[in-house]
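Here is the structure we will look at.
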Amino acid sequence: MNMVIKMQNDKINLIRENIGRKLVGKAEAIDLVIAALLCRGHVLIEDVPGTGKTTLAQTLAASLGCSFRRIQFTPDVMPTDVTGFSMLDTATGKFTFMPGVIFNQVILADEINRTSPKTQSALLEAMQENQVTIDGTTYKVPAPFMVLATQNPIEYVGTYALPEAQLDRFFVRVRLGYPSAADEVEILERHDTKIDSAPLNAVVEVEEVLELQRETDKIHISSALKHYITEIVSKTRNHKDVQLGISPRGAIFLMYAAKSGAFIAGRKYATPDDVQKMALPVLEHRLVLTPEARLRSVTAADVINEIIGATPLPEAGD
């Protein structure tokens, strides 16, 4: 393994192990969140209450030494609560900008589907362009910048479904699921002995996070692999069970995800296996199935797995 990549990989392991001190048995979910961080992406954590969604977001922020704010979304949260607003200073007669919670490096948008579409959309510009425009003035958000949003997919009363434009801005969707029997015993043991009550300390600094992102950018992805990604994405747009296929943004995110998968594995280049491993978390939430497909209980995962199985692997390229 290249020495530089090994050093960076050691830092990733520190983040992974630190999160694991609070979140038991969720290695795959932790790696997906780290992959999104490496690619400057945002994460939608979707699962039933009590499975560790908030814990995952909080422990990631604590591990990075980044500024962190939690937004508990409710129907009365306003867009200005998120982005900030201009206030008139009566002493000077000038407007002063009062920044909102979005001006932090890691944002936990808790229960994002409980707030209005207008407030949800307040996140869009920051998530896509790392900036916020208020009263005609543009303000940059800090780097690194990451939104981790949670939602409960079961309870629909008093919620507002995320529109496709919002879903498409999330790099990956992560599902935690219930723990295994052994993991649940471990959780009970930790709570009984208060073993996980101590606060986490940061294991990497902000500049080290930015360096990890820059190193991920350098991972090589061949032309053949880019064509492979394009073919997978193109097939979603013409599939009989798909009403709305994967956007070009989805293809770009899948390419970035393959790079992050390679980097986490300690390689300087991406492989078809990296693409396949990241295809579901990157693409699944972007597909809109036809009503007929949903009636037949076809899922987005079924479609993606079918397409990957039918797409020839690329030949070794440059």
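How much length is gained if the chain between Leu188 and Asn238 is pulled fully straight, taking 0.36 nm per residue apart and subtracting their Cα-Cα distance, in nm to one decimal?
Full-extension gain reported as 13.2 nm.
Springs join every pair of Cα atoms under 10 Å in this Gaussian network model of the chain, and among Phe170, Phe95, Phe103 the largest mean-square fluctuation is at Phe95.
Within the chain, antiparallel bridges make up roughly 40 percent of the DSSP beta bridges whose residues both belong there. Computed about its Cα centre, the charge dipole of the chain is approximately 400 debye, with only Lys, Arg, Asp and Glu carrying charge at their Cβ. Relative to the current alpha-carbon distance between Arg214 and Thr137, full extension at 0.36 nm per residue lengthens the span by 24.8 nm.
Indicate the gyration tensor shape class of the range 173-318 (rounded, prolate or oblate), computed on the Cα atoms with a ≥ b ≥ c the square roots of the eigenvalues: a/c under 1.5 is rounded; otherwise a/b larger than b/c is prolate and the rest oblate. Note, shape of the range 173-318 comes out oblate.
Between Glu28 and Leu124, the distance separating the two model label sites (each 7 Å from Cα on the Cα→Cβ line) works out to 3.3 nm. Give the lysines reachable from Lys6 as a straight Cα distance under 24 Å; neighbours fewer than 8 places away on the same chain don't count. Filter leaves Lys26, Lys218, Lys259, Lys268, Lys277. In percent, rounded to a whole number, the relative contact order of the chain is 22, using alpha-carbon pairs under 8 Å and six or more apart.
Taking Lys259, Lys194, Lys268 in turn, the Gaussian network model of the chain (Cα-Cα springs below 10 Å) assigns the largest fluctuation to Lys194. Does the range 130-237 come out rounded, prolate or oblate, given a ≥ b ≥ c as the square roots of the eigenvalues of its C-alpha gyration tensor, rounded meaning a/c under 1.5 and, failing that, prolate meaning a/b above b/c? Verdict is rounded for the range 130-237. Around the amide H of Val174, modelled in the peptide plane, lie the amide H atoms of Leu44, Ile45, Glu46, all under 5 Å away and 5 or more residues distant in sequence or on another chain. A dipole drawn for the chain from +1 and -1 charges on Cβ atoms has a positive end, and of Gly136, Leu283, Gly177 the residue lying farthest that way is Gly136. Phi angles across the range 126-135 convert, under the Karplus curve 6.51 cos²θ - 1.76 cosθ + 1.60 with θ = phi - 60°, into 3J(HN,Hα) values of 5, 5, 8, 10, 6, 7, 10, 10, 10, 6 Hz, Gly and Pro given as x.
Please say if the chain is rounded, prolate or oblate, where rounded means a/c under 1.5 for a ≥ b ≥ c the square roots of the C-alpha gyration tensor eigenvalues, and otherwise the choice is prolate for a/b larger than b/c and oblate otherwise? It is rounded, given that a/c, with a ≥ b ≥ c, falls under 1.5. Within the listed set Glu284, Glu207, Glu292, the Gaussian network model of the chain (springs between alpha-carbon atoms below 10 Å) gives the highest mean-square fluctuation for Glu292.
Model label sites at Ala165 and Asp10, defined 7 Å from Cα along the beta-carbon direction, differ in position by 4.7 nm.
For Lys235, a cut-off of 16 angstrom between C-alpha atoms picks up these aspartates and glutamates, skipping any fewer than 8 places away in its own chain: Glu284, Asp302, Glu306.
The numbers here are math on the coordinates, done by the rules we state, and not lab data. In this text, all values refer to a predicted model and were calculated from it rather than measured experimentally. Virtual Cβ from ideal backbone geometry, glycine too; neighbours counted across all protein chains shown.
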